[in-house]
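The values are calculated or read from the model by the stated rules, or taken from the named source; none is laboratory data. Because the structure is predicted, anything quoted here is derived from the model rather than measured. Methodologically, a virtual Cβ is constructed for each residue, glycine included, from the backbone with ideal geometry; neighbour enumeration extends over all protein chains shown. These area figures cover heavy atoms from the full protein model, side chains too; ligands, DNA and RNA do not enter into them. Shrake-Rupley method; radii C 1.70, N 1.55, O 1.52, S 1.80 Å.
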Amino acid sequence: MSEKKKKITTIDELPGVGETTAAKLRDAGYDTLDIIAVSLPAEIAEVAGIGEGTAAKAVIAARDALEMGYETADTVLERRKNIGKITTGSKELDTLLGGGIETMNITEGFGRFGSGKSQLAFQLCVNVQLPKDKGGLEGGALFIDTESTFRPERVSQMAKTLGLDEGTVLKNITIARAHTSDHQVLLVEKATELIKEKNIKLLIIDSLMAGFRSEYVGRGQLAERQQKINKHMHELQKLAEMYNVAIYVTNQVMDRPDMMFGDPTAPVGGNVVAHASGVRMYLRRSKENRRIAKIVDSPHLAEGECVFTVTENGIGDAE
Ligand code: ADP
Ligand code: MG
């Protein structure tokens, strides 16, 4: 035991990973220890064409190298005490969400066009900047816009309603326009510096699947698409936990003609997105400016519904 093990710094040095395997991993985008450490052995086994046992060893070695191994429950509890919540602007919706949109987690808002997904995103960009006793986190927002629907004028209007300085509020929101799904993935991968530099406490992707959905159209491309999304979601989860950031992603719905009863819509992205989103919220239009939010299969929130409003003032409650 006298010989000190050399510290692993690149994926080539992982046990069971030779030159060929490393090349395959790189080609598939698994090019850093970070991403290997948060991946599933089965995922690594498949892309690299190695056995699951070998893949598991590589994953564990990557975790060890990054010193993210075992921890006791009290440490986890301690870390989770830092979870912050951002008010949505609606008391009803905050209650439904267990206090607001939380950090260290991914919250997904899915629904049809005009259901209020983007309006909620804008409101959160403003609210995250509020003092803690007003439901904010005194931090900035990073907005990845994939549909060119970000509207600073609307954000200004919301800031004014809250009595905040519009210029300051807009300065604390960094916008990145993603042109393709690859670009979107890259923007998230490069977000680390920005998050630290600008005290980002909220990351938005509006919308998560639009790019992927339009680019990967054939049935034959589905596996590749899901693999990329899986990695993207892992990356988002990692950012959320490492930097205590709240992540809100919007998602589209697809019609399910096979469903004869109930609401025949489902969020896009399949199991990969379903598993990665800690909180899934289905948004739909109701009378006038009312919207209905429904929590769908969340591990720690009760299934339930509430009504909130979208008015000129932003997100609020019905009278
Ligand atoms: P999506 O779910 O497609 O992202 P949005 O969040 O953009 O939908 O919601 C758009 C809807 O929000 C509009 O149809 C309108 O009902 C409401 N809305 C947007 N801006 C305003 C405003 N300034 N005043 C009142 N309602 C607004
Ligand atoms: Mg939208």
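Miscellaneous remarks
- None of Phe150, Phe110 is in a strand (DSSP E or B), in contact with a Phe, Trp or Tyr (Cβ under 7 Å, 6 or more places away or on another chain) and farther than 23 Å from Met242 by Cβ except Phe110.
- Within region 239-274, the set of residues being modelled with pLDDT of 90 or more, open to solvent by less than 30 Å² (accessible area, probe 1.4 Å) and over 13 Å from the mean Cα position of the chain (by Cα) comprises just one member, Val253.
- Comparison of Lys132, Lys171, Lys196 shows that the only residue that is out of contact with any Leu (no Cβ under 8 Å at 6 or more places or on another chain), away from ligand 1 (no atom under 16 Å from the Cβ), farther than 21 Å from Thr309 by Cα and at pLDDT below 95 is Lys196.
- Within region 64-95, if we keep just the residues that are within 28 Å of Lys117 (Cα to Cα) and in a helix (DSSP H, G or I), the residue that is least open to solvent (accessible area, probe 1.4 Å) turns out to be Leu93.
- Options Leu137, Leu142: the member that is away from ligand 1 (no atom under 16 Å from the Cβ), assigned to a strand (DSSP E or B), open to solvent by less than 40 Å² (accessible area, probe 1.4 Å) and of a type in the set (A, V, I, L, M): Leu142
- Leu236 satisfies every condition listed in (1) open to solvent by less than 10 Å² (accessible area, probe 1.4 Å); (2) more than 25 Å from Gly140 (Cα to Cα) except (2).
- Long-range neighbours under 8 Å by Cβ, at least six apart or interchain, first residue at positive phi and in the same structural domain as Lys117 (by TED's automatic domain parsing) within region 202-228, second of a type in the set (Asp, Glu) and within 14 Å of ligand 2 (Cβ to nearest atom): none
- Among the candidates Ser298, Ser286, Ser277, the residue that is open to solvent by less than 40 Å² (accessible area, probe 1.4 Å) and within 30 Å of Glu153 (Cα to Cα) is uniquely Ser277.
- With respect to the conditions (1) open to solvent by less than 80 Å² (accessible area, probe 1.4 Å); (2) without any contact (Cβ under 8 Å) to a residue 60 or more places away in the chain; (3) within 24 Å of the chain's Cα centre (by Cα), Asn105 falls short on a single one, namely (2).
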